[in-house]
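Engineer: Attaching a single structure in structure tokens format; questions to follow.
The values are calculated or read from the model by the stated rules, or taken from the named source; none is laboratory data. The shown structure was predicted, so the numbers you read here are calculated from the model rather than taken from an experiment. Neighbour counts run over all protein chains shown; Cβ positions are idealised from the backbone, glycine included. Surface areas here come from the heavy atoms of the whole protein model, side chains and all, with no ligands, DNA or RNA. Shrake-Rupley method; radii C 1.70, N 1.55, O 1.52, S 1.80 Å.
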Amino acid sequence: MPIAVDIDVMLAKRKMSVGELAERVGITPANLAVLKNGRAKAVRFSTLAALCEVLECQPGDLLRWEAGEHPGE
């Protein structure tokens, strides 16, 4: 997938667990794991905003585009 998710990087910088982040954002740890591992097909802006608020970051700190990768490759 051309969009990479760097939630694990921000978790490490903030010294926060997946469980704590999920609880503070208001989503299940399983749904956060799907997003964190790049298996999500979509993310709601409200979820992205909550992640940014809790992690004190910008959306670009969590998501990045990887050139050269296209769906189906």
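Engineer: Just need a number here: residues in the range 2-18 that are loosely packed, with under 14 Cβ neighbours inside 10 Å, of a type outside the set (S, T, Y) and assigned to a loop (DSSP other than H, G, I, E, B).
Structural biologist: So the answer is 2.
Engineer: Restricting attention to the range 49-73, which residues are outside any strand (DSSP E or B) and touching a strand residue (DSSP E or B) at 6+ places or on another chain (Cβ under 8 Å)?
Structural biologist: Just the residues of the range 49-73 that are outside any strand (DSSP E or B), to begin with: 49-62, 66-73.
L62, E66, listed by residue number.
Engineer: Please work out which residue is nearest to M16 (Cα to Cα), limiting yourself to the range 55-64 and to residues that are over 9 Å from the mean Cα position of the chain (by Cα) and open to solvent by less than 20 Å² (accessible area, probe 1.4 Å).
Structural biologist: Ranking the qualifying residues of the range 55-64, first place goes to L55.
Engineer: Could you check the range 45-73 and list, in sequence order, the residues that are over 18 Å from P2 (Cα atoms) and out of contact with any helix residue (DSSP H, G or I) (no Cβ under 8 Å at 6 or more places or on another chain)?
Structural biologist: F45, S46, A49, E53, listed by residue number.
Engineer: Is there any pair linking a residue in the range 25-43 that is closer than 20 Å to R64 by Cβ and open to solvent by 80 Å² or more (accessible area, probe 1.4 Å) to one that is assigned to a helix (DSSP H, G or I) and charged (D, E, K, R), with Cβ under 9 Å and at least six apart or on different chains, and which?
Structural biologist: N37/D8
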